[in-house]
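See structure below.
The values are calculated or read from the model by the stated rules, or taken from the named source; none is laboratory data. From a predicted model like this one, the values you see are computed outputs, not experimental measurements. Here the Cβ positions follow ideal geometry from the backbone for every residue, glycine too, while neighbour counts run over all protein chains shown.
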Amino acid sequence: MSSLRVGIFSLLATGVVSVGLAALSTPANAHAACKYAPSGGAGLCVYYSPDGFNARWATAGTANHEGKFFVANEWGSGGAGEPVRNNAASAENFSINCQGEVWRFPNEAGTVIRVARAPFANASVVQNLGVLRNDNASQGWLC
C-alpha cells in the first residue's frame, strides 16, 4: 500500500476533519520551500490559486499578510508579485504537530480556516480556503 493510501487511512482512523477540500501530497511532489520555510521548521504556505498551485508565500511562524508578496515556484507563476493579503485561495500544512490557521483579519482575528496536520513526516495537507478565499490577513498555528 502506498504512503498516500496509508496517510488517508490514518487520517480517517484518527477522525481528523477539516473545513473545505483537503488533499495529501507525497514526498515525491512535496513543496520544498514550504516544507522548510524560511524561519526553519515545518511550514504553512498560502497559494494564489486553489489546490496549492501557482505563486506561494511560506513561513514556519505566525505572520500577518500585509506587506508580503507571492513568489513564483515550481507549481506556477500566476499571481507572482501580488500581495498575499486578500489574495490567497489555498493553504498547505507540513506540520505533523499543529493545525495551520488562516485568519480573516490581522493578528489571528475573525473567521478562521484550519488546515489539518500532516498525517506523517514528509507529507502535507493542501486545503482550499473556502469563505476566506481572497479575504485573508494572517496565519498561525493551533497546537
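Which of the residues belonging to region 110-143 are of a type in the set (A, V, I, L, M) and in contact (Cβ under 8 Å) with a residue 24 or more places away in the chain?
If the condition is that a residue be of a type in the set (A, V, I, L, M) and in contact (Cβ under 8 Å) with a residue 24 or more places away in the chain, then I113, V115, A116, A118, A121, A123, V125, V126, L129, L132, A137, L142 are the ones that fit.
Filter region 78-100 down to the residues that are modelled with pLDDT of 95 or more and not in a loop (DSSP other than H, G, I, E, B), then identify the one that is farthest from G43 (Cα to Cα).
That would be P83.
Test F105 against the criterion of being over 11 Å from C45 (Cα atoms) and modelled with pLDDT of 95 or more, and give yes or no.
yes
Counting only residues that are touching a helix residue (DSSP H, G or I) at 6+ places or on another chain (Cβ under 6 Å) and assigned to a strand (DSSP E or B), which one in region 105-132 is farthest from H65 (Cα to Cα)?
Among them, the one singled out is V126.
Filtering region 67-92 down to residues that are within 21 Å of A123 (Cα to Cα) and touching a helix residue (DSSP H, G or I) at 6+ places or on another chain (Cβ under 9 Å), which residue is surrounded by the fewest Cβ atoms within 10 Å (Cβ to Cβ)?
Ranking the candidates gives E74 first.
What pairs come up if the first residue lies in region 59-79 and is in contact (Cβ under 8 Å) with a residue 12 or more places away in the chain, the second is in a loop (DSSP other than H, G, I, E, B) and among the hydroxyl-bearing types (S, T, Y), and their beta carbons are under 8 Å apart, counting only those six or more places apart or on different chains?
Correct list of pairs: T59/S39; A60/S39; G61/S39.
What pairs come up if the first residue lies in region 82-109 and is farther than 24 Å from A72 by Cβ, the second is crowded, with 19+ Cβ neighbours inside 10 Å and hydroxyl-bearing (S, T, Y), and their beta carbons are under 8 Å apart, counting only those six or more places apart or on different chains?
Going by the 8 Å Cβ cut-off, the qualifying pairs are W103/S138; F105/S138; P106/S138; N107/S138; E108/S138; A109/S138.
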